[in-house]
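Just below is one structure, and these are the notes that go with it.
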Amino acid sequence: MENSVRVRFAPSPTGYLHVGGARTALYNWLFARHVKGDFILRIEDTDKSRSTNEAIGEIIKSLRWLGLSWDEGPEVDGKYGPYRQTERLDLYAQEAKRLLENEKAYLCYCNPEELKERRELALKEKRTPKYDGRCRNLSPEEKIAFEKEGRKAAIRFNCPKEGETAVDDLIRGRVEFKNEALDDFIILRADGFPTYNFAAVMDDHLMKITHVIRGEDHLPNTPKQILIYQALEYEVPAFAHLPMILGSDKKPLSKRHGATSIEEFRKNGYLPEAMINYLVLLGWSYDEKTTLFSVDELIEKFSIERVSKNPAVWDPAKLEWMNGHYIRQMFVEELVDKVLPFLESTGLAKGINREWLKQVVILAQERMKILSEIVDWTDFFFKDVETEEKELREVFSTPEALRVLGLARDKLKELQEFKKAEIEKILRMLCEDMNLKPAKGLQPIRVAITGRKVSLPLFESIELLGKEKTLAKLDKTIETVKQLF
Ligand code: GLU
């Protein structure tokens, strides 16, 4: 359909997909899906020294994991490709030449060392470093002389030196920039590679992008891009700059604040549903109160109008809480599939019986906030968990505690039906006989069985552990405690 909405996510493949980039991708995707437009993935790999194929692979993997499918782009193609900028170099060269011919751009023979020197001098003299324009009006003779020296020319954009360029941003309103503050920036490097501002404009135009939705950090680039659109007589798309994401210290979110790549969250046991739900609220809200949204609800409800101008603050506890919510919502069978790799990766749970594991997962489901926590909740099934000495001394500070263990051992040994109901009955009776409240009386047993004071439900755990292992654990703890006191 002509005139329909087309948006893009245009990552530079220099590393993993970070949460900021994922949020940008998500907003673009939701915006497109909401109006049945197209979502395009474009790889901006013109920074030769920092772009890698591995990073492209990682970004694609993370986007797919999040479920953000693209209509055109790598692995999908489409009629405006190629979708990787290093495969489009001819297109950029062609249009840069047109700008040269129209005197909207000029050849610059200054080499990187000279530019660096001048920049450093400016800084030393407390001036804002800026290209001094010395190649702006070179005569043909001067150009020939430079070329004879073996210099290769870059192409600089000839920025207007007066007036203002306004960005009519869908989120921030009208933002005006003074042209005199802009530099004559390079659009095509001497090696034929375009710079970001130039390549992005050309591609957004050629790929018929209608709305450019990206992070606020790109706002200072937008006047430069608008000037290029005007110089090339392209139609200017709509812009929407998304608010920054800050850490709890109100500084831009970075590695210092913990995990920031989608891949890390995936590896640690976060669910894509939770990531999507959490990310969407970093700068967007539907109303004052709703926090949980399915992807379908988001597609239905998302709008740019409700994106905030104010920075969003990253809150790992909220993300964890949300992940717990989605874990509780899962079908057990699916959760078994999801936790199995975490158990297997510890080497503990080899050849695990799936039906048995299902019972364990049912117990853990209510308690887990992230999938990797399955290991800490269930490790006692697979090995003896060492309890810290300090904790043992505390739990077994009275002689009664050790007596409870001994009695529990004898009673459980005699038990014919090793089932939750019977286990619960005899252990509660034991507490009663000893005049102990269950919370106190069961504590030594819980520590002996699970290694911890907080654990999965005790009676069910004992049943699932089985008689033999239960007795062995009780014996072992009795021995340890005896030696301790
Ligand atoms: N390649 C740019 C980045 O990763 C894209 C900016 C844009 O969306 O225009 O930040």
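Every number here is computed from the coordinates shown, using simple stated rules; none is lab data. On a predicted model such as this, the values are computed, not experimentally measured, just so you know. Here Cβ is always computed from backbone atoms with ideal geometry, including for glycine, and neighbour counts include all displayed protein chains.
Of all DSSP-defined beta bridges confined to the range 151-305, some 60% are antiparallel rather than parallel.
With a cap of 16 neighbouring Cβ atoms within 10 Å, and only residues DSSP puts in a loop, list the GluC sites (Glu not before Pro) found in the range 1-94.
On the way: sites: GLU2, GLU44, GLU54, GLU58, GLU72, GLU75, GLU87; in loops: GLU2, GLU44, GLU75.
When the GluC sites (Glu not before Pro) of the range 1-94 are filtered for loop state and at most 16 Cβ neighbours within 10 Å, GLU2, GLU75 remain.
One Cα centroid belongs to the range 392-429, the other to the range 1-77; the line between them spans 58 Å.
Our summary of shape: the Cα atoms of the range 39-104 have principal axis extents of 47, 29, 16 Å, ordered from largest down, in whole angstrom. So what is the relative contact order for the chain, in percent, with contacts set as C-alpha pairs under 8 Å and at least six apart? Over the chain, the number comes to 12 percent.
Treating r as the C-beta distance of GLN329 and LYS161 and R0 as 45 Å, the FRET efficiency rounds to 0.15.
Unpaired cysteine residues in the chain (no second Cys Cβ under 4.7 Å): CYS110, CYS159, CYS431. Dividing the summed helix terms, -39500 (n - 2.57) for each DSSP H run of n ≥ 4, by the number of residues in the chain produces a 222 nm estimate of -14500 deg cm²/dmol to the nearest 500.
Averaged across orientations, what area in nm² does the convex hull of the alpha carbons in the range 257-359 project? Please report the intermediate quantities before stating the final value.
Working: hull surface 32.9 nm².
For the range 257-359, averaging the hull's shadow over all directions gives 8.2 nm².
Candidates THR398, PHE459, PRO311 compared by Cα position along the dipole of the chain: farthest toward the positive end lies THR398, with charges placed on Cβ.
Can you tally the lysine pairs in the range 206-355 where the Cα-Cα distance is under 23 Å and the two residues are eight or more apart, or on different chains? Here the count comes out as 19.
Note the angle between two axes, namely the Cα long axis of helix 399-414 and the longest principal axis of the Cα atoms of the chain, as a number of degrees from 0 to 90, rounded to the nearest 10. On a 0 to 90 degree scale, this one is about 80.
Beta bridges from DSSP with both residues in the chain: antiparallel share about 55 percent, rounded to the nearest 5. The slack between LYS48 and ARG134, meaning 0.36 nm per residue of separation minus the straight C-alpha distance, is 28.2 nm. Computed from Cα atoms, the angle from the helix 53-66 axis to the main principal axis of the chain rounds to 60 degrees.
Cα extents for the range 361-485 along the principal axes, largest to smallest and rounded to whole angstrom: 38, 34, 25. Modelled spin-label separation between ASN310 and LYS413, with each label point placed 7 Å from Cα along the Cα-to-Cβ direction: 6.6 nm. Remark: TRP321, TRP65 ranked as TRP321, TRP65, counting other beta-carbon atoms within 10 Å and listing the fewest first. Taking the number of Cβ atoms within 10 Å of each Cβ as an exposure proxy, the fewest-first ranking of LYS420, LYS48, LYS289 is LYS289, LYS48, LYS420.
Restriction of the trypsin sites (Lys or Arg not before Pro) in the range 98-127 to DSSP coil positions whose beta-carbon has at most 14 other beta-carbons within 10 angstrom yields LYS126, ARG127. Cα centroid separation, the range 328-390 to the range 243-277: 25 Å.
With +1 on each Lys and Arg Cβ and -1 on each Asp and Glu Cβ, how big is the dipole of the chain about its Cα centre, in debye rounded to the nearest 20?
Working: 77 positive and 81 negative charges, 205 e Å.
Computed about the Cα centre, the dipole is about 980 debye.
Rounded to the nearest 20 debye, the dipole size of the range 276-415 about its Cα centre is 100 debye, using +1 on the Cβ of Lys and Arg and -1 on the Cβ of Asp and Glu. Available extension along the chain between LYS267 and GLU386 is 40.2 nm, counting 0.36 nm per residue and deducting the alpha carbon span.
What number, in percent, do you get for the relative contact order of the range 377-485 if the mean sequence gap of Cα pairs under 8 Å and at least 6 apart is divided by its residue count?
38 percent
Sorted largest first, the spans of the alpha carbon positions of the chain along the three principal axes are 105, 52, 40 Å. For the chain, the longest principal axis of the C-alpha atoms and the axis of helix 316-329 are separated by about 60°. Here the range 128-275 is assigned +1 on the Cβ of each Lys and Arg and -1 on the Cβ of each Asp and Glu. Its dipole about the Cα centre then comes out at about 480 debye. Working from label points 7 Å from Cα in the Cα-to-Cβ sense, the LYS338 to GLU125 distance is 6.2 nm. Couplings for the range 348-355, taken from phi via the Karplus curve 6.51 cos²θ - 1.76 cosθ + 1.60 with θ = phi - 60°, read 7, 9, 8, x, 5, 7, 5, 5 Hz in order; Gly and Pro are left as x.
Considering only VAL280, ASN197, ASN268, the residue lying farthest towards the positive end of the dipole of the chain is ASN268, judged by Cα position with unit charges set on Cβ. Between LYS358 and LEU89, the distance separating the two model label sites (each 7 Å from Cα on the Cα→Cβ line) works out to 5.8 nm. Averaging over all projection directions, the Cα-based convex hull of the range 100-144 occupies 3.7 nm² in the image plane. When you restrict to C-alpha pairs under 8 Å that are six or more residues apart and normalise by the size of the range 319-415, the relative contact order lands at 31 percent. From least to most packed, judged by other beta carbons within 10 angstrom and beginning with the fewest, THR52, THR210 follow the order THR52, THR210.
Direction-averaged projected area, Cα convex hull, the range 1-142: 12.4 nm², rounded to one decimal.
For ASN179 and TRP321, the difference between the fully extended length at 0.36 nm per residue and the C-alpha to C-alpha distance is 46.4 nm. Each Cα pair of the range 157-278 feeds into the Kirkwood radius, which the Stokes-Einstein equation turns, at 4 °C and 1.567 mPa s, into a diffusion coefficient of 77 µm²/s.
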